[in-house]
1. Residue check, Q94 against (1) surrounded by 15 or more Cβ atoms within 10 Å (Cβ to Cβ); (2) within 25 Å of V5 (Cβ to Cβ); (3) not hydroxyl-bearing (S, T, Y), all met but one. Which one?
2. For the range 84-102, indicate whether the set of residues that are modelled with pLDDT under 85 and either of a type in the set (A, V, I, L, M, F, W, C) or touching an Asp or Glu at 6+ places or on another chain (Cβ under 7 Å) (or both) is non-empty.
3. If S21 passes every condition in (1) modelled with pLDDT under 75; (2) surrounded by 11 or more Cβ atoms within 10 Å (Cβ to Cβ) but one, which one does it miss?
4. Which residues, taken from the range 48-69, are loosely packed, with under 14 Cβ neighbours inside 10 Å and in contact with a helix residue (DSSP H, G or I) (Cβ under 7 Å, 6 or more places away or on another chain)?
5. List the number of the failed condition for S63; all other conditions in (1) touching a residue at least 60 places away in the same chain (Cβ under 8 Å); (2) polar (S, T, N, Q); (3) under 30 Å from A44 (Cβ atoms) hold.
6. With the condition kept exactly as written, say whether any residue in the range 40-59 is at pLDDT 80 or above, under 22 Å from E117 (Cβ atoms) and touching a Gly at 6+ places or on another chain (Cβ under 9 Å).
7. Which helices (runs of 4 or more DSSP H) sit wholly inside the range 23-125 and have at least 1 residues that are farther than 30 Å from R8 by Cα and charged (D, E, K, R)?
Amino acid sequence: MKPAVFARLSIMMLLQYFTWSAWYVTMSTYMKVNLAASDAQILARAITAFYKSNRDDLLDQYSTTALRRIWKATRFSWWFTSMMHSFPGADEFQHRLQIAELDYVTGSKAGATALAENYVGLAIE
């Protein structure tokens, strides 16, 4: 690894250690609450449409809509965990992918935006 990349990643990991040591434990709790709140909002819209307009299409689509959001959150959780942690048995290819992901997120406005958007919760459909 080039010394400049190593230094950059080392500084970033040190800063993340201090940041995430305070917040990492709460991330899964936050995501659960975010998903629960969005589920409640999706269901409330469906129930409101049913009683106000006699529409049952949103109730019929509730599971599909909620599961689509849950799978997006699951994908983000997997992506973030695999980017932040090394796993036993990881080979050089996986390590380089991890470094490339970290470099993208820390060096790209689009990468940082994608991280932020997923972390705070995607818009409800």
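The values are calculated or read from the model by the stated rules, or taken from the named source; none is laboratory data. Model, not experiment: these values are computed from the prediction. Because the Cβ atoms are built from the backbone with ideal geometry, glycine has one as well, and the counts that use them run over all protein chains shown.
1. That leaves (1) as the condition not met.
2. Looking through the range 84-102, at least one residue is modelled with pLDDT under 85 and either of a type in the set (A, V, I, L, M, F, W, C) or touching an Asp or Glu at 6+ places or on another chain (Cβ under 7 Å) (or both).
3. (2)
4. R55, D56
5. With (1) touching a residue at least 60 places away in the same chain (Cβ under 8 Å); (2) polar (S, T, N, Q); (3) under 30 Å from A44 (Cβ atoms) applied to S63, the lone miss is (1).
6. no
7. Those helices (runs of 4 or more DSSP H) span 57-84.
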